[in-house]
Amino acid sequence: MAIRPILTLPDPRLRAVADEVIEVDQEIKTLAKDMLDTMYDAPGVGLAATQIGVMKRVVVMDLAKEGATPEPIVMVNPEILKFSEDTAVTEEGCLSIPELYYEVERPAGVTVRYTNLDGKAVTTEANDRLAVCMQHEIDHLDGVLYIDYLSRLKRDRVIKKFEKAEKIAKRAS
Ligand code: NI
């Protein structure tokens, strides 16, 4: 079990675009395991590799209820093929933007194609919270954060808050 540090705003790596995974080898399997350990420890329901500073297109999720049997999902090179026309407003948070939650409107359903840890291509349809989580995590791989969907005023306020906290932390160290 390896828990890796989670990057937070304003770390510039959160804005980088992750690279395609060429092969699901042992390194990717270890990365996915570490990501799940890190996510469960946080605790959170989703994590993208970029959030631990690994610029690879890998995301993990688990939306099982607390206390229920875990339902880990690992997606390598995930790609959204289709968005539903109907949208839903959901309160989102992000382990890289701790302790804040905002409502975001997104398509309510998605069709996603990805590679699983056996190296097999999978196409799946998701709705509701799972669809929101998939969009949120896949966005991370392109350097997009959920606060980018808020009004400019709200988003700038969040970014400034974290920039200020970083400055204070640096001064103290
Ligand atoms: Ni996030």
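Look through region 48-95, keep the residues that are closer than 12 Å to His136 by Cβ, hydrophobic (A, V, I, L, M, F, W, C) and not in a loop (DSSP other than H, G, I, E, B), and return whichever of them is farthest from the ligand (Cβ to nearest atom).
Step one: list which residues in region 48-95 are closer than 12 Å to His136 by Cβ, which gives 48, 51, 59, 61, 63, 78, 80, 90-95.
Narrowing the set further to residues that are hydrophobic (A, V, I, L, M, F, W, C) leaves 48, 59, 61, 63, 80, 94-95.
Add one more test, that the residue is not in a loop (DSSP other than H, G, I, E, B), and what stays is 48, 59, 61, 80, 94.
On the way: Ala48: 7, Val59: 10, Met61: 11, Ile80: 16, Cys94: 3 Å.
Filtering region 48-95 for residues that are closer than 12 Å to His136 by Cβ, hydrophobic (A, V, I, L, M, F, W, C) and not in a loop (DSSP other than H, G, I, E, B), the one farthest from the ligand (Cβ to nearest atom) comes out as Ile80.
Quick check on region 10-23. Is at least one of its residues touching a Ser or Thr at 6+ places or on another chain (Cβ under 6 Å), surrounded by 15 or more Cβ atoms within 10 Å (Cβ to Cβ), of a type in the set (Gly, Ala, Ser) and at negative phi?
Applying the first criterion (touching a Ser or Thr at 6+ places or on another chain (Cβ under 6 Å)) to region 10-23 yields 14, 18.
Add one more test, that the residue is surrounded by 15 or more Cβ atoms within 10 Å (Cβ to Cβ), and what stays is 14, 18.
With the extra rule that they be of a type in the set (Gly, Ala, Ser), the set shrinks to 18.
Next, from what is left, pick out any that are at negative phi: 18.
Scanning region 10-23, I find at least one residue that is touching a Ser or Thr at 6+ places or on another chain (Cβ under 6 Å), surrounded by 15 or more Cβ atoms within 10 Å (Cβ to Cβ), of a type in the set (Gly, Ala, Ser) and at negative phi, so the answer is yes.
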Open item on the list: Quick check on region 53-73. Is at least one of its residues surrounded by 15 or more Cβ atoms within 10 Å (Cβ to Cβ) and closer than 28 Å to Lys164 by Cβ?
Closed with: yes
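Would you confirm whether any residue within region 101-114 is among the hydrophobic types (A, V, I, L, M, F, W, C), in contact with a Phe, Trp or Tyr (Cβ under 7 Å, 6 or more places away or on another chain) and part of a strand (DSSP E or B)? Can you show your working first?
Quick first cut of region 101-114, residues among the hydrophobic types (A, V, I, L, M, F, W, C) only: 104, 108, 110, 112.
This time we only want the ones that are in contact with a Phe, Trp or Tyr (Cβ under 7 Å, 6 or more places away or on another chain), so: 104, 110.
Cutting the leftovers down to part of a strand (DSSP E or B) gives us 104, 110.
Yes, region 101-114 has at least one match.
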Open item on the list: On the basis of being more than 19 Å from Ala48 (Cα to Cα), more than 14 Å from the ligand (Cβ to nearest atom), of a type in the set (Asp, Glu) and outside any strand (DSSP E or B), does Glu125 make the cut?
Closed with: no
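Based on this model, can you work out whether Val110 counts as surrounded by 15 or more Cβ atoms within 10 Å (Cβ to Cβ), within 26 Å of Lys29 (Cβ to Cβ) and modelled with pLDDT of 95 or more? Give the steps one after another, and end with the answer.
Values: surrounded by 15 or more Cβ atoms within 10 Å (Cβ to Cβ): yes; within 26 Å of Lys29 (Cβ to Cβ): yes; modelled with pLDDT of 95 or more: yes.
When the stated conditions are applied, Val110 passes them.
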Open item on the list: Can you tell me which condition Pro98 does not meet? The list is (1) buried (at least 19 other Cβ atoms within 10 Å of the Cβ); (2) within 14 Å of the ligand (Cβ to nearest atom); (3) in a strand (DSSP E or B), and all the others hold.
Closed with: (1)
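The values are calculated or read from the model by the stated rules, or taken from the named source; none is laboratory data. Keep in mind that this is a model prediction, so the values were computed, not measured. No Cβ is skipped: glycine too gets one built from the backbone with ideal geometry, and neighbour counts run over all protein chains shown.
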